[in-house]
Structures are given as C-alpha cells and as structure tokens.
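Worksheet: one structure, shown below.
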Amino acid sequence: MLSADHRDLVRAAVAHAESVNDDGDHTVAAALRLQSGAVVLGVNTYHFLGGPCGEISALSNRAATRPDDSIIAVAAVYGPTGDVLPPCGKCRQILLDIAPTIRCVVRDANGLTAVPVRDLLPHAFDWRAAEQPQRLYMWEGYEDSIRDGSKRQTIRVDDPFRPGEARIVFEKDSGDVVEIPADIASVNTAARAALTEQDAQHDGFTDLAELHAALDQHYPGLGPEDPIDIVSFTLHTDK
C-alpha cells in the first residue's frame, strides 16, 4: 500500500507517459519526488545505439533545475499500457549511487509498493513482462468460488489493472502455483466508503461488514475516503 505522496507520484508519471507516448522512441516516463515536494518529469529516448531511460532523463532535468533539492522517490510508467515499471539495472545503480534511500515504486504480488533502491534486486526489470497478460494474484481459498462463478470481482488498493487479458494466479502454501486464464472486464475506482452490499456479494462475501473486515485485515490503515479499485473479471471457461 502506497502513501498519498507515492500515489500522487505514480499519477504524475502515468499522466506524463500518456501525454508523450508515441509507441516508438518515447514510451517510458518517469517522475521524481524531491525533498521540497516538487515533482520532476522525464521521458526516455530510444535509439539502437542506446539512449537515456525515463529515469535518467528525469535526473538530468532535476540537475538542471533543482540540483540542491534531494530525491525522495521515483516512479516509472510504460506509456502504451500505463503500467508501473521497475528501474532497469543501469538506472537502479545510478539511483543507488545518488542515495540508497531513494524509494522506487515497483509492483509485487500485493500491488504497488515503494522500496528503497538498495533493496531492488528482487524486482529486476524484465522487458518481456510488458508483453505478457496481467497477473491477478488471489488467495488460494478463493479458488473454488472463482471457478464456480460466485466470485467475479475483487477489491484492490494500489494494485492497478486495466481491461484486457489476464491470468488469475494462486500461489499455494504447498508451493504449487495455479493459473486460470481470464479477462479483466472493468476497473472502477471509488472511495472505500462508496462500497455497497452488492459489491460485497459480487466479491464473494456474505455482506458489506464482512468485506470491510477483510479489507481491514489486508490493508491496515485504509481509510473511508482512500481510493479502491473494483476489478471485475471473467474466466475464459465462461465463454
């Protein structure tokens, strides 16, 4: 779960990525949050001889405009999809050399999180991931209700999805990993307080109180006005 500042940083990176993406030379945007609260943006420039990444571009812009304003966090986004990307090996080394405490927004099985750059090794950049279906991680206890159709929705916090092809993934205590081909049908963002009894039932819960109890357990500190995503999905077996 992200802080409000990190969430805003991701939004800035997403907006910049959408505005500059040309599906060619400029596809990755980055946003830096500085100690003052200022946000500095950058975009990659692809070339077969090599070119600056989005993060490097943002670092150059910061050096040119706010060299004495230290870097707190960075987020990078892939323009064609709006997905958050971890920094590549070169970028993480440069960020580490600047300050090992800089937090990088990355995605793990529980959604977006901000990790100190010194701890980034498990989140290595893999360009192949951008071409693969989205991965929607679920608790193994939901497998039966998803397969029988009683659960066709999930509530997510700082775990963004978009309509399109997906895999529902169950990482089981036994060590087995089960994947079910699916499609994300819709994603609707609302405040937690706007959830309804119908949302709870679509999510496989008995009532709204049970859903809120589950949210409190999974996302401690989640407030009534904090944003949540209502993600609905269908299985390929439904078609």
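Quick check: anything in segment 117-135 touching a His at 6+ places or on another chain (Cβ under 9 Å) and either basic (Lys, Arg) or more than 27 Å from Gly51 (Cβ to Cβ) (or both)? Checking segment 117-135: not a single residue is touching a His at 6+ places or on another chain (Cβ under 9 Å) and either basic (Lys, Arg) or more than 27 Å from Gly51 (Cβ to Cβ) (or both). For segment 41-51, the candidate set comprises residues that are surrounded by fewer than 18 Cβ atoms within 10 Å (Cβ to Cβ) and either within 19 Å of Ala114 (Cβ to Cβ) or not hydroxyl-bearing (Ser, Thr, Tyr) (or both); within that set, the residue that is modelled with the highest pLDDT is Gly51. Take the conditions (1) exposed (fewer than 13 other Cβ atoms within 10 Å of the Cβ); (2) more than 29 Å from Gly223 (Cβ to Cβ); Ser57 misses just one of them, which is (1). Within segment 156-169, at least one residue is loosely packed, with under 14 Cβ neighbours inside 10 Å, within 16 Å of the chain's Cα centre (by Cα) and within 25 Å of Val28 (Cα to Cα). Of Ala38, Ala13, all but one fail to be within 21 Å of Thr65 (Cα to Cα) and surrounded by fewer than 22 Cβ atoms within 10 Å (Cβ to Cβ); the exception is Ala38. Identification of helices (runs of 4 or more DSSP H) wholly contained in segment 43-151 with 1 or more residues that are charged (D, E, K, R) and closer than 30 Å to Phe205 by Cβ yields 143-147. Taken together, the residues in segment 86-136 that are aliphatic (A, V, I, L, M), in contact (Cβ under 8 Å) with a residue 60 or more places away in the chain, surrounded by 14 or more Cβ atoms within 10 Å (Cβ to Cβ) and in contact with an Asp or Glu (Cβ under 8 Å, 6 or more places away or on another chain) amount to 1.
Among residues of segment 191-205 that are in contact (Cβ under 8 Å) with a residue 24 or more places away in the chain and within 13 Å of Thr154 (Cα to Cα), those with a beta-carbon under 6 Å from a residue that is among the hydroxyl-bearing types (Ser, Thr, Tyr) and surrounded by fewer than 19 Cβ atoms within 10 Å (Cβ to Cβ) at least six positions away or on a different chain give the pairs Gly204/Ser145; Gly204/Ser150. Could you tell me whether any residue of segment 154-162 is in contact with a Lys or Arg (Cβ under 8 Å, 6 or more places away or on another chain), part of a strand (DSSP E or B), closer than 19 Å to Val106 by Cβ and among the basic types (Lys, Arg)? No, every residue in segment 154-162 fails to be in contact with a Lys or Arg (Cβ under 8 Å, 6 or more places away or on another chain), part of a strand (DSSP E or B), closer than 19 Å to Val106 by Cβ and among the basic types (Lys, Arg).
Among residues of segment 146-160 that are under 18 Å from Ala194 (Cβ atoms), those with a Cβ under 7 angstrom from a residue that is among the aromatic types (Phe, Trp, Tyr), sequence gap 6+ or separate chain, pair up as Val157/Tyr219.
The values are calculated or read from the model by the stated rules, or taken from the named source; none is laboratory data. Since this is a predicted model, take the numbers as computed values, not measurements. Cβ: placed from backbone, ideal geometry, glycine included. Neighbour counts: every protein chain shown.
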